Amino acid sequence: MRKTSYVVAFFAVLLTLIFNVISVRRPDWLVVNSPEVLHSKVTVQYGLNQRCDRQVIAIPGLPEGSKLAYTDYKCRVFPNRALDNCEKENKAFCMVWSTAGYFSELGIGFGAVACLTLLFGVTTHSRRRRIWRAVAVLTALHVMFQIMAFGVVTHLYREAWFPSYERARPGLAYVLNTLSWVFGILVTVGIITTGISANRGHHWAAGNRAYRPIAG
């Protein structure tokens, strides 16, 4: 593969990695909006590792349409053994939900290694001829673990394994994760296609120094 292909692949993999990191760190994979009661509205956000509760209380006596309100925002570890009944009726849910977090962290690890491998691959032409295979494997693993985390969260959400998930809706972190693995699949296919084309000597993939066998 030519150096330009590696540079393009690096920024593409980096973008999927950034999306993945943001989605893992955000607490809004699933969002539950409760109905407004006595000028108070509660929003609960569920992330892979934390839960955040946001309560907005409208201050009475203000002109209609005023946005002035009191907001209380608190986050805690999720799932929590005591608070989320992880030792009793929600034991299976807590184990499976935590697994989604592990999958995402593994995906981040493989994505980071893929970026480092791409940087290493542009140093010499001889390495670029071989290293694209390792990059393809690493990006594929990066994407695979993202999809696994997505699948776990989607299954628990659709089956309402946690009581409040019956009213939940996907949040921004869920969307970012989806964009990350969809784009990651395209990047992986692009790396494999470019690498194979370079090995076959196509100019667009191999550049001016196409790979040709040495005549005997």
Which of the residues that make up region 54-105 are modelled with pLDDT under 80 and of a type in the set (A, V, I, L, M, F, W, C)?
-> VAL56, ILE57, ALA58, ILE59, LEU62, LEU68, ALA69
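Out of the residues in region 149-174 meeting the condition of being aromatic (Phe, Trp, Tyr) and touching a strand residue (DSSP E or B) at 6+ places or on another chain (Cβ under 9 Å), tell me which one is modelled with the highest pLDDT.
Going residue by residue through region 149-174, those that are aromatic (Phe, Trp, Tyr) are 150, 157, 161-162, 165, 174.
Retained after the next criterion (residues that are touching a strand residue (DSSP E or B) at 6+ places or on another chain (Cβ under 9 Å)): 157, 162, 165, 174.
Working: TYR157: 89, PHE162: 82, TYR165: 80, TYR174: 95.
Filtering first and then ranking leaves TYR174.
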Enumeration of residues in region 73-96 that are without any contact (Cβ under 8 Å) to a residue 60 or more places away in the chain and in a helix (DSSP H, G or I) | LYS91, CYS94, MET95
Answer with yes or no whether VAL77 is under 24 Å from the mean Cα position of the chain (by Cα) and farther than 17 Å from TYR46 by Cβ.
-> no
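So which of LEU141, LEU83 ends up being among the aliphatic types (A, V, I, L, M) and more than 19 Å from the chain's Cα centre (by Cα)?
Working: LEU141 fails: more than 19 Å from the chain's Cα centre (by Cα).
Result of the check over LEU141, LEU83: LEU83.
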Does ALA134 satisfy the condition of being in a helix (DSSP H, G or I) and buried (at least 19 other Cβ atoms within 10 Å of the Cβ)?
-> no
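If the requirement is being modelled with pLDDT under 95, of a type in the set (A, V, I, L, M) and touching a His at 6+ places or on another chain (Cβ under 8 Å), which of these qualifies: VAL8, VAL13, VAL42? Steps first, answer last, please.
Numbers: VAL8 fails: touching a His at 6+ places or on another chain (Cβ under 8 Å); VAL42 fails: touching a His at 6+ places or on another chain (Cβ under 8 Å).
Step by step, each of VAL8, VAL13, VAL42 is checked, and only VAL13 is modelled with pLDDT under 95, of a type in the set (A, V, I, L, M) and touching a His at 6+ places or on another chain (Cβ under 8 Å).
Residues checked against (1) in a helix (DSSP H, G or I); (2) more than 22 Å from LEU30 (Cβ to Cβ); (3) of a type in the set (Gly, Ala, Ser); (4) out of contact with any Gly (no Cβ under 9 Å at 6 or more places or on another chain):
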| site | (1), (2), (3), (4) |
| --- | --- |
| SER98 | yes, no, yes, yes |
| GLY101 | yes, no, yes, no |
| LEU119 | yes, yes, no, yes |
| THR154 | yes, no, no, yes |
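The values are calculated or read from the model by the stated rules, or taken from the named source; none is laboratory data. Please read these numbers as outputs of a predicted model, since none were measured by experiment. Neighbour counts run over all protein chains shown; Cβ positions are idealised from the backbone, glycine included.
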